[in-house]
Every structure is written in C-alpha cells, then in structure tokens.
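J.: One structure, pasted below without further comment.
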Amino acid sequence: MIGFICPVCGGELNDNGKSLICSLGHCFDKSKFGYVNLLMSSKSSVKRHGDDRLMVRARRDFLDKGYYSFLLDELTGICGELIHDGSVILDAGCGECYYSSNIRKKTESVGIYAHFFGIDISKDALEFAFKRKSGIGTAVGSVFSMPVADSSVDVLLNIFSPEAFDEFRRVLKNNGILIRVVPLERHLFGLKKVVYDNPYINEYIPTPIDGFVFEKETVKKNMIELSSNEDILNLFRMTPYYYKTGVEDQKKLEKVNSLLTEAEFGIRIYRKVD
C-alpha cells in the first residue's frame, strides 16, 4: 500500500498480499475487509473509535442517493485540475470513501492514474469502504498521528473530518495541496428547525493555517428536498447532532416524511509552503 509506514518504527511497509511488514519485522495483517490496523493502542485509552455502525450506514445510504452530488461534482472538478499520473492522494478521515472513491473513478476514466489511500479511526467506516469497492488502500489510524511518511503526499483531502494541521503539514510535499470541506453557517438549518426549539447557525470563521498559503474558496449551496422518513433519519443520524441531542428532540423526526433544508459547503484550498 503506497504511503503507509510502520507505526512502531516509521519504516516503509511492504505488501506481501496478506500483510504489511517493515524491514524490522513489524507485521500488520489485513482484515477480511482489506484494511490494516495501524492505530497504536498506546495512543488511545478508549475501546471504540470514530463513527459507529449506525452513523456509517446512515451516511452511506444518504450519500448513495445523490443528495450531495453537487458537492461531489465540484470536488471532482477541482481534483481533476490538481491530480496527475502518479500523484499521491491521501483522504485523511476517509470514512467509507464516498468522495475519494468517486474522484478516483473519475480521474481514471480520463486516463489519469494516481495513488489513493485513506485513513480513518473507525473500523466500521473502513468496512463499508471495502464494500463500496473503492479500490483505495485503507488503514485504521488517527489523523493526529498518521502512519504516513513525511513529505510524501501531493493532495490531502480533509472532508468533514478533524483538523490536524501539524500532521497535514508534515505529510504533504512542499507545494502540496490541502483541500478542506466544511459546513457553512446555515448548513442543515431546515433540519435543525424541526429538531430544536432554538436552532442555531454554525460558526464559520476561516483562519490562516501556519505553513500554508490560502489559495481560494469555492462555496456550494443547494436546497435539498427529502421525501421519505428514512432519508430524513439517515441525514440526522450521519451528523454529530444526533449524538448531542436528547431523546425527546430526536423523536421529533420520527413521523416527518418530507423536509426541505439548506446544504451549504465551503471548499477551501491551501498550498503548503516551507
């Protein structure tokens, strides 16, 4: 798997088909879902990491219906201008690889073959990435301590995942590109109005990132109409709001069969500089 290094010694990992192994003999077996676990247990005291199965399944089902296809199309267009043959693309916090797998398929459809790999702390998410047939090498790992070599990545995708700018700066090549996707102020405000008595807008204050030059931002906004309770519940369950909301407020969506809500995203592009 291109890009992954041994989390014990930092050495290059070689793929023998069933495992990844470094020159010092540290060996990491592939799961039946293709990923390897490169998360060092000493780096976390919790037993369960990342998005759980309910959230991952809800996100897969929602995204696969195309509600955010306008965002995917914009990202694919942006990446098409940045990715070349042999480029190394890291999806940091890849989830089930919805965005990166579709970007990969699109670039290959026009004859561009790059190396895609992804890291996520959730084993459930990487299982679903495997079932998506993403063709992307994946590993369990934290974006705050990535098993990725210094200065090895051309384009890093950070899509609705934690900000780990020190790590992003470390793994990107000089002049490498960081693509961040974040929700804007009124993202899902229509959903919030149903759930909360006093809905609030998201805080969005773009700030400079040390070691990066901000190049541009693309804003994508759309009104999305959900016409089934299943889709509405999937949207809610794939967000952090679900786990931060009391049971009584969660129940407000149980009999809602149609919903119109804002979907607003900022796509911010940065270039690493020494």
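J.: Order of 197-205, 150-158, 242-250, 75-83 by packing, highest average Cβ count within 10 Å first?
T.: Listed from highest to lowest mean packing, they are 150-158, 75-83, 242-250, 197-205.
J.: Given contacts defined as C-alpha pairs under 8 Å and at least six residues apart, what's the relative contact order of the chain, whole-number percent?
T.: With pairs under 8 Å counted, the relative contact order is 19 percent.
J.: Just one of [x] 192; [y] 135; [z] 150 is volume of the Cα convex hull per residue in Å³ calculated from these coordinates, so which is it?
T.: Derived directly from the coordinates: [y].
J.: Multiply the residue separation of residue 82 and residue 16 by 0.36 nm, subtract the distance between their alpha-carbon atoms, and state the gained length in nm to one decimal.
T.: Between residue 82 and residue 16, full extension yields 20.6 nm more.
J.: Using only Cα atoms and rounding to the nearest 10 degrees, what angle (0 to 90) does helix 53-63 make with the longest principal axis of the chain?
T.: 80
J.: In the chain, what percent of the accessible surface is made up of carbon and sulfur (1.4 Å probe, ligands and nucleic acids excluded)?
T.: 49
J.: Enumerate cysteines in the chain without a disulfide-compatible partner, where compatibility requires another Cys Cβ under 4.7 angstrom.
T.: For the chain, the answer is 9, 27, 79, 94, 97, because their Cβ atoms have no other cysteine Cβ under 4.7 Å.
J.: Helix 98-109 sits at what angle to the longest principal axis of the chain, using alpha carbons and giving 0 to 90 degrees rounded to 10?
T.: Helix 98-109 and the main axis of the chain meet at about 60 degrees.
J.: Hey, can you find the accessible area per residue of the chain for me, probe 1.4 Å, expressed in square angstrom?
T.: 48
J.: Another question, if that's okay. Under 20 Å from a point 7 Å along the Cα-to-Cβ line of residue 74: which residues of region 168-197 have their amide N that close?
T.: Those under the cut-off are 177-192.
J.: Follow-up question, since we're still on this one. Relative to the first principal axis of the alpha-carbon coordinates of the chain, what is the inclination of helix 69-82, with its axis defined by its Cα atoms, in degrees from 0 to 90 and to the nearest 10?
T.: That helix lies at roughly 30 degrees to the long axis.
J.: Oh, and also: So, in nm, how far is label residue 256 from label residue 215 when the simple model puts each one 7 Å beyond its Cα toward the Cβ?
T.: Going from the residue 256 label point to the residue 215 one covers 3.8 nm.
The values are calculated or read from the model by the stated rules, or taken from the named source; none is laboratory data. In this text the structure is predicted, and so the values were computed from the model without any measurement. Neighbour counts are summed over all protein chains in view; Cβ atoms, including those assigned to glycine, are modelled from backbone coordinates with ideal geometry. The accessibility values were calculated without ligands, DNA or RNA, using every heavy atom of the protein model including side chains. Shrake-Rupley method; radii C 1.70, N 1.55, O 1.52, S 1.80 Å.
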